[in-house]
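Asker: Please read through the structure below; I'll follow up with questions.
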């Protein structure tokens, strides 16, 4: 569903881009911070953690993958319904 | 829903940043204190694993809550989801669990604020300051949800920025760290410590599901709830990783495991005044923000229970001027004071965690039932469709039960008491409201009749599509 008013439509896409940038920025920060912390801790404790490091890899992978897919779903949902529900009026 | 209440409707003004402020505001206190018991149980490696396992569970729970909250748009949150999709017994248990979880946290937060105030001004007494904090936050919530959550946004943002600034200063070498602390306190209790540490993993994120409880007061719940909740979840994941790293390289593990204010202590160990002041302020503000969010969420849960006659419908009145559930808000005062001065606060907090874990089993289960009863994806029924469902719902339940089981070490009696309490609530309210599922008025919500019901065909015909 789209609008007939081009100015309003442009405003909607601009606001949607704002939401997208916000979420992508936070996701990028999340990946960087998790990667940094995991590297620092596991590298210092590798003599002990080397035996079960895969547990950390599995859970950090799950966490980031599910959150990323979730954020993409949120973005798609906003894009799909933004004109219908007039999110940015 | 009962017609036997005098309420109008709650005002719909909240935006995504309010949802973020409600969720993160309640939870961020758990990153300033409490999470470090994971270190006492499992060392730095146990704490890291607990943070990741609990984080994975909460990501999945928050996706379930986003879908359920944006679909139902009701103030009761987990209570209303259980009422609509499971049954009255589960609904009452979850409603009471949410109420207990948040009101116990409010009491704990108010006491910590009073202790911090007393440490700054020794002439102050803890008892009157605790009363003052509870009364002040109740008054703010009485006056209006927008003012309460805007206050939360400011307090929470300052507390979060304090962690971020401290982390980047440390990561870029402005603070002298002790990497040897990581190895020295890596795994003091062996492999069993990895498992034992899981019981305190929820501290990093406990209460984020409450963000969806303001759905009824959102201007556009289909956008505000999923966006605010996911932004909140990412904020907490970032904050948790930063907090763990900062404390682990600045405080020896044996001291970190028993610290009362670990982030503040890490700042003290850095020896830099700016961080001591910043993290001290952050500790204070995050306690106030958490207590404030808890008043908001516990009152909404009580309001929803009252609206459906699970408790007296007298509490379901909405203020004619401020559009807040003012009686439910005021009723938080005596209960919070009772919790605060029971003398068993550590037990009360553990009861709060157990109540939260009960919700983490029943929220994904509500989503599974919701998907089964209403498989169609229309704008009216399901404006936000969560990904990877129902698989992540089953996975979240499995992790929640695993964490539940670890509470048996050290909190056996709390666990048994909670099972008895919620078991009695389940059977009592199941019996008292055995016909309430029939009373769910799906058409009034603009939904079709649920799959498999007698009225499914009729429901499809009357269902409208389109508006929110």
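Asker: Which shape class, rounded, prolate or oblate, goes with the stretch B:195-259 when its Cα gyration tensor gives a ≥ b ≥ c as root eigenvalues, a/c under 1.5 marks rounded, and past that a/b bigger than b/c marks prolate?
Answerer: Because a/c hits 1.5 or more and a/b exceeds b/c, the stretch B:195-259 counts as prolate.
Asker: Give the dimensionless ratio obtained when the Cα radius of gyration of the stretch B:166-279 is divided by 2.2 N^0.38 Å.
Answerer: 1.31
Asker: What is the pair-distance distribution P(r) of the protein assembly as shown, computed from all Cα-Cα distances in 10 Å bins starting at 0, with each bin given as a whole percent?
Answerer: Using 10 Å bins, I get a P(r) of 4, 19, 30, 27, 15, 5, 1, 0 for the protein assembly as shown.
Asker: Please give the FRET efficiency for residue B:444 paired with residue B:12, using the beta carbon to beta carbon distance and R0 = 30 Å, rounded to the nearest 0.05.
Answerer: It comes to 0.95.
Asker: Same structure, new question: Taking the highest mean first, how do the peptides B:418-429, B:88-99, B:18-29, B:109-120 order by number of other beta carbon atoms within 10 angstrom per residue?
Answerer: Top of the packing list down: B:18-29, B:88-99, B:109-120, B:418-429.
Asker: If one takes the longest principal axis of the Cα atoms in chain B, at what angle in degrees, from 0 to 90 and to the nearest 10, does the Cα axis of helix B:145-171 lie?
Answerer: 40 degrees
Asker: Mean shadow of the stretch B:45-104, computed from the convex hull of its alpha carbons, in nm²?
Answerer: 5.0 nm²
Asker: Taking the stretch B:252-383 on its own, what percent of its Cα-Cα pair distances exceed 21 Å?
Answerer: Pairs farther apart than 21 Å: 65 percent.
Asker: Continuing with this model, one more query. What area, in nm² and to one decimal, does the C-alpha convex hull of the stretch B:92-244 cast on average over all directions?
Answerer: 13.4 nm²
Asker: Across peptide B:186-194, what mean number of C-beta atoms from other chains lies inside 10 Å of a residue's C-beta?
Answerer: Per residue, the number of nearby Cβ atoms from other chains is 2 on average.
Asker: Would you mind giving the mean number of other chain beta-carbons within 10 Å of the Cβ of each residue in B:45-54, as a whole number?
Answerer: Neighbouring Cβ atoms belonging to other protein chains average 5 per residue here.
Asker: Now, a different point. Any idea how far the Cα center of the stretch B:357-379 sits from the one of the stretch B:219-266, in Å?
Answerer: One Cα centre to the other: 28 Å.
Asker: What list do you get for B:350, B:286, B:377 if you sort them by fewest beta carbons within 10 Å?
Answerer: B:377, B:350, B:286
Asker: How fast does chain A diffuse by Stokes-Einstein, in µm²/s, taking the Kirkwood radius from C-alpha pairs at 25 °C and 0.890 mPa s?
Answerer: 156 µm²/s
Asker: Rounded, prolate or oblate: which one fits the stretch B:142-208, using the alpha carbon gyration tensor with axes a ≥ b ≥ c (rounded when a/c is under 1.5, else prolate when a/b beats b/c, else oblate)?
Answerer: The shape class here is oblate.
Asker: Which of the peptides B:388-395, A:54-61 is most tightly packed, and how do the rest follow, judged by the mean count of other Cβ atoms within 10 Å per residue?
Answerer: Ranking the peptides B:388-395, A:54-61 by packing returns B:388-395, A:54-61.
Asker: Could you give the alpha-carbon Rg of chain B over 2.2 N^0.38 Å, rounded to two decimals?
Answerer: Relative to the 2.2 N^0.38 Å estimate, chain B comes out at 0.96.
Asker: Using a 10 Å cut-off around each Cβ of peptide B:228-236, what is the average number of partner chain Cβ atoms that fall inside?
Answerer: 4
Asker: On a 0 to 90 degree scale, rounded to 10, what angle separates helix B:126-143 from the longest Cα axis of chain B?
Answerer: 40 degrees
Asker: Now for a separate question. In terms of the Cα gyration tensor, with a ≥ b ≥ c the square roots of its eigenvalues, is the stretch B:100-169 rounded because a/c is under 1.5, prolate because a/b exceeds b/c, or oblate?
Answerer: It is oblate, given that a/c is not under 1.5 and a/b is not larger than b/c.
Asker: Using the eigenvalues of the Cα gyration tensor, what equivalent ellipsoid semi-axes result for the stretch B:81-133 when each is taken as the square root of five times the eigenvalue, whole Å, largest first?
Answerer: Semi-axes from the Cα gyration tensor: 37, 7, 6 Å.
Asker: Starting with the fewest neighbours, write out B:311, A:31 ranked by other beta-carbon atoms found within 10 Å of each beta-carbon.
Answerer: The most exposed by this proxy come first: A:31, B:311.
Asker: In which sequence would B:80, B:176 go, from the one with the fewest C-beta neighbours within 10 Å to the one with the most?
Answerer: B:176, B:80
Asker: Counting each DSSP H run of 4 or more residues in chain B as -39500 (n - 2.57), what helix-only mean residue ellipticity at 222 nm follows after dividing by all residues, to the nearest 500 deg cm²/dmol?
Answerer: The per-residue figure over chain B is -23000 deg cm²/dmol.
Asker: Against the globular-protein guess of 2.2 N^0.38 Å, express the Cα radius of gyration of the stretch B:1-110 as a ratio, rounded to two decimals.
Answerer: Here the answer is 1.30, to two decimals.
Throughout, read-outs are computed from the coordinates displayed, never taken from laboratory work. Note that this is a predicted model, so its numbers are computed, not measured. A quick note on method: Cβ atoms are made from the backbone with ideal geometry, for glycine too, and the neighbour counts reach across all protein chains shown.
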